[in-house]
Amino acid sequence: MLTRAENETLTRVGPGTPMGNVLRQYWLPAVFSYEVAADGDPLRIRLLGEDLLAFRASDGRVGIVEPLCPHRGAGLFFGRNEECGLRCVYHGWKFDVDGRCIDMPSEPEESSFKDKVRLGAYPTRERNGVVWTYMGPRAEPPELPALEWNLVPPSQLHASKRMQESNWIQALEGGIDPAHAGFLHAPLGRKLDPRILRERYFLNDRHPRFELVDTPYGVRIGTRRNAEPGRYYWSITHYMAPYYNAFAFFDGQEQPSMGSFGWVPMDDVTTMAWCFTWNPARPLSDDEIRETYYLEQIGGGVHVEGDRLLPPTQEPGGAFRPAANRGNDYLIDRRAQRTTRFAGPPGMSAQDAALQESMGAIFDRTREHLGTSDATIIRMRRTLLQAARALAESGTVPAGVDAPETYRVRPAGIVLDASEDWSRAADGWINGKELTAPVLL
Ligand code: FES
Ligand SMILES: [Fe+2]
């Protein structure tokens, strides 16, 4: 349970809020590269409560800028993206991706006025199909986090995203909550695949124990379930500050593909859930891509049951609104709930969204009752609240900002003798030094 004040601190992300200041220390995934074409239409986006425009100039660089023209405030969404800049169609002022005014045809040619006018612009970087932006205070931003999915060749990555109508913390709590998978996402009445450890052991032991290790990037999470007598199945996942997780998808293989989410706050009540599946050693198979349950991936084309999207709108995130949503009870199928799946909505993303959005836009955490299975959530909240306090009181830089290399970690699923130390067992794999996962059966 949190106090009302703690809940406010944890959830609010706008400019000047304590958590908004923490989040602005990190690079954010802003848009997919394919969403902005050179000289293409400006795209409305919202990040951390700020309305912005993204556009790609003729030279391929991406700008993330304020949406209103500094002349008299007209919307640059209606502007012309042409010849290396975005031109306001009210009086023709033109801005480059860095926000410099590079043309002011309504003023005398000899005037230096345009040198004094700036459009607010955030730095961007582009890597592996994702445009990142930095909304923080440093003149020289830190390095991008070395998340492995953002470094592998494109054939080894599948990425997608969907908009969620809830505060980011609710979504993040679901992502680092290993206990819910044995319920919310559990199949009924189908034979489980014994080659996938997750399937073999998750449903056998729905009361997992946790061990948590603080790391430079966040928390390494060991989730223990009973395996054969004298042995444990350890699922090793990560919470990476401020809003990523990493989890083992197809554990039990020597070259398993893995999953990672990033829950990027659009504002206090809307979150963009980015989903990445990657493999460090080989291209992803079609089956693996189908299993990744989100639509609108780089390259496009794969549709998954229950993960259809609505026709795009011009609103921020409007191309990524799921068809299964609050307005239709997430397409819950009560017959399926009795026969084939524990929860009714079709597909894991609809299941997560249904439960997380049902709490209301920002859940009142003074009303909750946390149990032993909520240990990861308690630790994550503590990490973030401490970061907010330390940044406000002494300017302490939050975890991971200046340790970008430490984000190169992988999840794992392994079976160990009861006496073995899980936190060291798969180190070479987890730290990205080996390309073969430990398969200990
Ligand atoms: S308002 Fe944009 S040029 Fe005048
Ligand atoms: Fe989930």
Rounded to whole angstrom, the alpha-carbon centroid of segment 370-396 lies from that of segment 334-350 at a distance of 34 Å
How much of the pair distance distribution for segment 67-202 lies past 25 Å, counting alpha-carbon pairs only, in percent?
58 percent
Taking N as the number of residues in segment 138-273, what is its alpha-carbon radius of gyration divided by 2.2 N^0.38 Å?
1.17
Summing -39500 (n - 2.57) over every DSSP H run of at least 4 in the chain, dividing by its residue total and rounding to the nearest 500, the 222 nm mean residue ellipticity is -5000 deg cm²/dmol
Taking only Cα atoms and a 10 Å spring cutoff, compute GNM fluctuations for the chain and point out the largest among V22, V213, V130.
V213
With θ taken as phi - 60° and the coefficients 6.51, -1.76 and 1.60, list the Karplus ³J(HN,Hα) couplings across segment 422-439 in order, rounded to whole Hz; mark glycine and proline as x.
5, 6, 10, 4, 10, 3, x, 6, 4, 8, x, 8, 10, 9, 10, 7, x, 10
Contact order relative to length for segment 62-209, counting C-alpha pairs under 8 Å separated by 6 or more residues, stands in percent at 14 percent
Partnerless Cys - the chain, beta-carbon criterion under 4.7 Å
C84, C101, C275
Positive-end extreme of charge dipole, the chain - chosen from L2, T215, G344 (charges on Cβ)
G344
For segment 1-153, report the translational diffusion coefficient in µm²/s to the nearest whole number, using Stokes-Einstein at 4 °C, 1.567 mPa s, and a Kirkwood Rh over Cα pairs.
77 µm²/s
Would you mind getting the accessible area per residue of the chain, heavy atoms of the protein chains only, 1.4 Å probe, in Å²?
43 Å²
note: segment 334-441, Cα-Cα separations exceeding 22 Å make up a percent value of 64 percent
What trypsin sites (Lys or Arg not before Pro) does segment 350-435 have in DSSP loop regions with at most 14 other beta carbons within 10 Å?
K433
Please report the carbon-and-sulfur percent of the accessible area for the chain; probe 1.4 Å, protein heavy atoms only, DNA, RNA and ligands left out.
51 percent
By how many nm would the segment from E254 to D402 grow when fully extended, if each residue of separation counts as 0.36 nm and the alpha-carbon distance is taken off?
50.1 nm
Going by alpha carbons, how many degrees (0 to 90, nearest 10) lie between the helix axis of 375-394 and the longest principal axis of the chain?
30 degrees
Neighbour-limited loop hits for trypsin sites (Lys or Arg not before Pro), segment 32-97 (at most 13 other Cβ within 10 Å; DSSP other than H, G, I, E, B)
R72
Nearest-20 debye value, segment 5-149 charge dipole, Cβ charges on Lys, Arg, Asp, Glu
240 debye
Per residue, the convex hull volume that the Cα atoms of segment 378-420 enclose (Å³):
121 Å³
Evaluate Rg over Rh across the chain, taking Cα atoms for both radii and Kirkwood's formula for Rh.
0.99
Within segment 374-406, the residues whose backbone N lies under 19 Å from a label point placed 7 Å from the Cα of A5 along the Cα-to-Cβ direction are 381-395
Under the rule of at least 5 residues apart or a separate chain, name every residue whose amide H is placed under 5 Å from the amide H of L309.
A323
D_trans [Stokes-Einstein, Kirkwood Rh over alpha-carbon pairs] for segment 1-64, 10 °C, 1.306 mPa s, µm² s⁻¹:
117 µm²/s
Which stretch or stretches of segment 70-108 have amide N atoms under 19 Å from the point lying 7 Å from A38's Cα along the Cα→Cβ direction?
80-87, 95-98
Return the long-range amide H neighbours of W132 (sequence gap of 5 or more, or a different chain), with a cut-off of under 5 Å between placed amide H atoms.
A30, R125, E126, R127
DSSP-loop trypsin sites (Lys or Arg not before Pro) across segment 105-141, with at most 14 other Cβ within 10 angstrom:
R138
When DSSP beta bridges are limited to those with both residues in segment 6-108, what percentage is antiparallel, rounded to the nearest 5?
95 percent
Could you give the spread of the C-alpha atoms of segment 140-203 along their three principal axes, from largest to smallest, in whole angstroms?
54, 32, 19
Short version: ³J(HN,Hα) in whole Hz for each residue of segment 58-73, in order, from phi by Karplus 6.51 cos²θ - 1.76 cosθ + 1.60 (θ = phi - 60°), x for Gly and Pro, what are they?
4, 7, x, 6, 9, x, 10, 10, 4, x, 10, 5, x, 5, 9, x
What residue among L47, V13, L28 has its Cα farthest toward the positive end of the dipole of segment 1-99, where the charges are +1 on Lys, Arg and -1 on Asp, Glu, each on the Cβ?
V13
Magnitude of the Cβ-charge dipole (Lys and Arg +1, Asp and Glu -1) of the chain about the Cα centre, nearest 20 debye, reported as 980 debye
Taking the convex hull of Cα positions in segment 222-281, its mean projected area over all directions (nm²)
5.5 nm²
The answer for G218, listing residues at least 5 apart or on another chain whose modeled amide H is closer than 5 Å to its amide H, is A241
Relative contact order of segment 29-111 (C-alpha contacts under 8 Å, at least 6 apart) in percent is 20 percent
In whole angstrom, how far apart do the alpha carbon centroids of segment 57-95 and segment 213-268 sit?
42 Å
For the pair Q386 and E368, the simple spin-label estimate (label points 7 Å beyond Cα toward Cβ) gives in nm 1.8 nm
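The values are calculated or read from the model by the stated rules, or taken from the named source; none is laboratory data. Since we're looking at a predicted model, the values are computed, not measured. Neighbour counts are summed over all protein chains in view; Cβ atoms, including those assigned to glycine, are modelled from backbone coordinates with ideal geometry. With ligands, DNA and RNA removed, areas are computed over all heavy atoms of the protein, side chains included. Shrake-Rupley method; radii C 1.70, N 1.55, O 1.52, S 1.80 Å.
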